[in-house]
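Colleague: Pasting a structure here, questions to come.
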Amino acid sequence: MHRLRTTVAILWPITVNQRAQGQSQARRFAAGGPLSTSEPMRNYTASLSAEPFLNGTSCNYVEEMYNAWLENPRSVHKSWDIFFRNANFGAPPGAAYQSPPPLVAPAPGFVDDQLMGGAQPNLEKLVEDHLAVQSLIRAYQIRGHHVAKLDPLGIKAGIDPGPPPSDIITTNDKLAFYGLDESDLGKVFRLPTTTFIGGSESALSLHQIIHRLEMAYCQSIGVEFMFINDLEQCQWIRQKFESPGVMQFTFEEKRTLLARMVRSTRFEEFLQRKWSSEKRFGLEGCESLIPALKTIIDKSSMNGVDSIIMGMPHRGRLNVLANVIRKELDQIFCQFDSKLEAADEGSGDVKYHLGMWHRRINRVTDRNITLSLMANPSHLEAVDPVVQGKTKAEQFYCGDTEGKRVMSILLHGDAAFAGQGVVYETFHLSNLPSYTTHGTIHVVVNNQIGFTTDPRMARSSSYPTDVAKVVNAPIFHVNADDPEAVMYVCNVAAEWRATFHKDVVVDLVCYRRNGHNEMDEPMFTQPLMYKQIKQQKGVLQKYADRLIEEGVVSRQEYEEDIANYDKICEEAHARSKDEKILHIKHWLDSPWPGFFNLDGQPKTMSSPSTGLPEEELRHIGNIASSVPLEDFTIHGGLSRILKGRAAMVDQRVCDWALGEYMAFGSLLKEGTHIRLSGQDVERGTFSHRHHVLHDQNVDKRTCIPMNHIAPNQAPYTVCNSSLSEYGVLGFELGFAMASPNALVLWEAQFGDFHNTAQCIIDQFISPGQTKWVRQNGIVLLLPHGMEGMGPEHSSARPERFLQMCNDDPDTFPEFAVRQLYDCNWIIVSCSTPANYFHVLRRQILQPFRKPLIVLTPKSLLRHPEAKSSYDDMLPGTHFQRVIPDSGPVSEKPEEVKRIVFCTGKVYYELTRERRNRGMDYTVAITRIEQLSPFPFDQVKVETDRYPNADLVWCQEEHKNQGFYDYVKPRLRTTVNSTRPVWYAGRGPAAAPATGNKAAHLVELKRFLDTALNLDAFTGPLF
């Protein structure tokens, strides 16, 4: 029905209204969407006199019958009924009319009609030919990329390994497939509105149609877009690639392109000459990447973009730094000096992992543009969500709500793009309201091989770019050895992003002239491919010969360009020899102007009070327990929660949720933007937070009371994330990089769910400052506690974080605040809402930024004893790194037999058990709230306070997990190894927790008995 209806509506000489209606439907069909049979259409109720088929029937009359048939198949003669049914099911050419039954099987079809010389046409042949031509056009639009000349090597090793489509592979095959033959090549067909190959012409011969389709879809560019379900976007792409003569450049544009190719190529050749035995992951085989990126930047700058954040793997990074970001060449070359001494703190990183931030003039547009290339480890795609988060933050802080000023470019390798799941996670963030960056341009350096693995072993899809189809991103494949095609595609990609603010992919099909790196021998594993590569002429030489032949440049001009750039490299190399010290901070990708003083040290090493006046606490508490909007109906259960909060405000106490509210609200009032992201964070996994209220009577009407704290407060962003940890944590990390004056938090649904984001933690958060001199204040909230919920819902795996701490267990520090500055991150396990309140405020008020890992509670969220008085949150109060026992044991500390150190929830179980046993005067229980950096000074005060007590570390986690291995050597250093440190807790285990509640309770009773049994540790130390 769709094909014939569209054919009849568009191509036969009918009325203007009829034609408009048909064109609208045809555009929908061409865009890949269905034609609605419920659209308004003329109702033909009169009975149509039916005559036998092919009886000189006019086209207008056929259309009337067709419309009537749509309404009631019995309103037309049986012969017409069968004809329309067969055509609708895609009957093959010549088979649409049959004398009744059976219906033929579906097959391609759909065309047009037009004058064919003056003879009276055979109506059936006429309709079927036009159906065939329309199907042919559509076939090229859908599958033309399969036969495009994309591979510079001509072997198609890594692109579309399937058989080519027979309906467009050769002229004779395609004609026969559609029921046409060579005699039809001269016939003129009216073009449908779903193609632009005619330009200003409305009809072309079949020969011209095929030629223009071949030029549009089967040369150096292959376009995948027909899966997009938006008509306007499909038409836009068609116009860009089908319109005759679109890919034409001026002599000046070609000379600029050649100059960029010279810089890209000669840079790699210079490095190869000077450091032939160094790994650098050069760009040889895809030198056109540099002009590709510069074209995207030029076009984006013309469209108003003034900041671009980029992320890429290591291949070609040095070239991008030199020729796109414009890093000083001598700074790059000095990186190859093995004797270079580090001037900055930290270990640094290899040269092809480093980033850069640079603001410069774009010479094409004469506009300032800021370029940032993010540092990235060897985990190739890990930087993707980080770039997106930083882009979102910059858009947020400059008020760019549509992405017109700030954008991102992501570079990928073909194997990583297809193989690494974070690519998919990042794509799925692209259109989410709280995560969208309004379109990213993805550039895939398609080596047609990954490390040493053939594509047929590395992916299941035809192309490495197929993952982009999940968000309807158009994919432009292009032969990287055709620089002008690359330049055109990149222009279109930049225009697409500026027009639709959606993702787009440029697939640079190239090759890798060397192996996985310069020291690798690729012939071991890809002998035939590399035999071909060795014979391959370089793209610069090919393009230069072409321009010389065209008269665009002379041979002398070309050689002078090469000589000039070689001279620039030699002079930079000479300067680089004078560099004796490496300044990693010169490679910083996210500077924070004004946050540090000139020498990079913090402004002060003091730790200010994080307390608040009581009237402010009360004001925030009143907001937390109310609904600021009128006529807003909340859930009955939530009404009870808000009343409970109001009661706590009256009683001058707060629970965990209200303590968090106090911290957030006060920071917002002071001008600090807060962003809280993760699964369930709006409500809270355990239904404790309720920062977003939902009207029970109005769909999608919400209220965020936190945004009603004060008239000029900073905004509060709280957003439920997609079901992703790797991508979302990377995104929030990038967001936190943009500014030190924001509190950015990511909360795991359960603490151990961070394990699927371990790459971000291991490669970016833990060592980020050490590798890249990049401070970051991101906060990870990880629900933790052994409550019998099974192995996946118990432990946040604190041992993993503690293992990566850089504080020395054997050295007693002198300055506690300096400890915070020197550590790589801070790990806390708060047991009171007040301490949680203070640590969140300290995160912003301290004069530097460190990642903060908070082991948050589950059962303590509503524990009657886990409440804090306002007295613990007033001016002059601070975060307590250690909370000493202030009970009866403090009266006669010399009589105390045991001091039990612990952290987190187990404190409440210990105190309950101690109370039940009547041991309040003999056992002291001290909470270590800040695990790292370890509070040696305050722990020493506690151990000295109880000189006759033995030392026990008690934890609810298993002995090989949790805190014991980290705490024990530090406790021993604190007491100078003069007293043993005993262990009370669960024994070693492979799993974090038992899945059996009864077993859980037995284990709990056993280790509490051990912790409080004064005769438990009388034998040798174990």
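The values are calculated or read from the model by the stated rules, or taken from the named source; none is laboratory data. These numbers were taken from a predicted model, which means no experiment stands behind them. All Cβ positions, even for glycine, are placed from backbone atoms using ideal geometry, and neighbour counts span all protein chains on display.
Colleague: Taking PHE848 and the conditions (1) modelled with pLDDT of 95 or more; (2) in a loop (DSSP other than H, G, I, E, B), which numbered condition does it fall short on, given that it satisfies the others?
Modeller: Single failed check for PHE848: (1).
Colleague: Can you name the condition, by its number, that VAL728 falls short on among (1) modelled with pLDDT of 95 or more; (2) more than 25 Å from ASN776 (Cβ to Cβ)?
Modeller: (2)
Colleague: Let me ask something else about it. Give the number of residues within the stretch 466-481 that are assigned to a strand (DSSP E or B) and of a type outside the set (Val, Ile, Thr).
Modeller: The qualifying residues number 3.
Colleague: If you don't mind, another one. Which of (1) surrounded by fewer than 16 Cβ atoms within 10 Å (Cβ to Cβ); (2) farther than 22 Å from GLU895 by Cβ; (3) at pLDDT below 95 is the odd one out, the single condition THR994 does not satisfy?
Modeller: Among (1) surrounded by fewer than 16 Cβ atoms within 10 Å (Cβ to Cβ); (2) farther than 22 Å from GLU895 by Cβ; (3) at pLDDT below 95, THR994 violates only (1).
Colleague: Quick check on my filter: what residues within the stretch 468-481 are among the charged types (D, E, K, R) and either surrounded by fewer than 23 Cβ atoms within 10 Å (Cβ to Cβ) or under 20 Å from the mean Cα position of the chain (by Cα) (or both)?
Modeller: Keep residues of the stretch 468-481 that are among the charged types (D, E, K, R), which gives 469, 481.
Answer for the stretch 468-481, where residues must be among the charged types (D, E, K, R) and either surrounded by fewer than 23 Cβ atoms within 10 Å (Cβ to Cβ) or under 20 Å from the mean Cα position of the chain (by Cα) (or both): just LYS469.
Colleague: Right, PHE735: under 25 Å from THR610 (Cβ atoms), crowded, with 21+ Cβ neighbours inside 10 Å and assigned by TED's automatic domain parsing to the domain that holds TYR716 or not?
Modeller: So PHE735 fits the description; yes.
Colleague: Next question. Considering only residues that are part of a helix (DSSP H, G or I) and polar (S, T, N, Q), look in the stretch 897-946 and name the one that is nearest to HIS838 (Cα to Cα).
Modeller: Filtering the stretch 897-946 for residues part of a helix (DSSP H, G or I) gives 906-917, 936-945.
Subsequent filtering for residues that are polar (S, T, N, Q) retains 911, 916, 938, 943.
Values: THR911: 24, ASN916: 32, GLN938: 18, THR943: 25 Å.
Out of the qualifying residues, it is GLN938.
Colleague: Of all residues in the stretch 353-381, which are in contact with a Leu (Cβ under 9 Å, 6 or more places away or on another chain), of a type outside the set (A, V, I, L, M, F, W, C) and surrounded by fewer than 24 Cβ atoms within 10 Å (Cβ to Cβ)?
Modeller: Residues satisfying the conditions are HIS358, ARG359, ARG360.
Colleague: If you don't mind, there's one more thing I want to ask. Output the residues belonging to the stretch 376-434 that are part of a helix (DSSP H, G or I) and more than 21 Å from ALA736 (Cα to Cα).
Modeller: Matches in the stretch 376-434: ASP414, ALA415, ALA416, PHE417, ALA418, GLY419, GLY421, TYR424.
Colleague: From the list ARG701, ARG652, exactly one residue is surrounded by fewer than 19 Cβ atoms within 10 Å (Cβ to Cβ), at pLDDT below 95 and touching a strand residue (DSSP E or B) at 6+ places or on another chain (Cβ under 9 Å). Which is it? Please lay out each step first, then the result.
Modeller: Details: ARG652 fails: at pLDDT below 95.
Sole residue among the options that is surrounded by fewer than 19 Cβ atoms within 10 Å (Cβ to Cβ), at pLDDT below 95 and touching a strand residue (DSSP E or B) at 6+ places or on another chain (Cβ under 9 Å): ARG701.
Colleague: Out of the stretch 298-334, which residues are of a type outside the set (Ser, Thr, Tyr), over 28 Å from HIS516 (Cβ atoms) and buried (at least 23 other Cβ atoms within 10 Å of the Cβ)?
Modeller: Residues satisfying the conditions are VAL305, ILE308.
Colleague: Determine whether the stretch 224-242 contains at least one residue that is touching a residue at least 60 places away in the same chain (Cβ under 8 Å), of a type in the set (D, E, K, R) and touching a strand residue (DSSP E or B) at 6+ places or on another chain (Cβ under 8 Å).
Modeller: Yes, that holds for at least one residue.
Colleague: Right, another one. For the stretch 497-510, enumerate the residues that are surrounded by 23 or more Cβ atoms within 10 Å (Cβ to Cβ) and either in a helix (DSSP H, G or I) or over 26 Å from the mean Cα position of the chain (by Cα) (or both).
Modeller: Residue satisfying the conditions is ARG497 alone.
Colleague: A further question follows. Under 7 Å between Cβ atoms, at least 6 apart or on separate chains: pull out the pairs that start in the stretch 959-976 with a residue that is free of Cβ contacts under 8 Å to residues at least 60 places away in the same chain and over 22 Å from SER795 (Cα atoms) and end on any residue that is among the aromatic types (Phe, Trp, Tyr) and surrounded by fewer than 23 Cβ atoms within 10 Å (Cβ to Cβ).
Modeller: Qualifying pairs under 7 Å: none.
Colleague: Oh, and also: Sort through ALA816, ALA796, ALA834 and tell me the only one that's more than 25 Å from TRP587 (Cβ to Cβ) and within 26 Å of the chain's Cα centre (by Cα).
Modeller: Being more than 25 Å from TRP587 (Cβ to Cβ) and within 26 Å of the chain's Cα centre (by Cα) holds for just one of ALA816, ALA796, ALA834, which is ALA796.
Colleague: Looking at the stretch 522-547, which of the residues that are of a type in the set (Ser, Thr, Tyr) and in a helix (DSSP H, G or I) is nearest to the chain's Cα centre (by Cα)? Spell out the reasoning first.
Modeller: Taking the stretch 522-547 first, the residues of a type in the set (Ser, Thr, Tyr) are 525, 530, 543.
Now restrict to residues that are in a helix (DSSP H, G or I): 530, 543.
Details: TYR530: 34, TYR543: 36 Å.
My answer is TYR530.
Colleague: So, in the stretch 548-575, how many residues would count as being part of a loop (DSSP other than H, G, I, E, B) and without any contact (Cβ under 8 Å) to a residue 60 or more places away in the chain?
Modeller: Count: 2.
Colleague: Any idea which of MET356, MET310 is hydrophobic (A, V, I, L, M, F, W, C) and at pLDDT 95 or above?
Modeller: Working: MET356 fails: at pLDDT 95 or above.
That would be MET310, the only listed residue that is hydrophobic (A, V, I, L, M, F, W, C) and at pLDDT 95 or above.
Colleague: Out of all the residues in the stretch 235-251, which are of a type in the set (Val, Ile, Thr) and in a loop (DSSP other than H, G, I, E, B)?
Modeller: If the condition is that a residue be of a type in the set (Val, Ile, Thr) and in a loop (DSSP other than H, G, I, E, B), then VAL246, THR250 are the ones that fit.
One line per residue, one yes/no per condition, for (1) assigned by TED's automatic domain parsing to the domain that holds CYS569; (2) assigned to a loop (DSSP other than H, G, I, E, B); (3) modelled with pLDDT of 90 or more:
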| site | (1), (2), (3) |
| --- | --- |
| GLU269 | yes, no, yes |
| ARG280 | yes, yes, no |
| CYS286 | yes, yes, yes |
| ILE297 | yes, no, yes |
| GLN331 | yes, no, no |
| GLN335 | yes, no, no |
| ASP344 | yes, yes, no |
| GLY348 | yes, yes, no |
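Colleague: Tally up the residues in the stretch 738-754 that are touching a Lys or Arg at 6+ places or on another chain (Cβ under 6 Å) and surrounded by 21 or more Cβ atoms within 10 Å (Cβ to Cβ), please.
Modeller: 3
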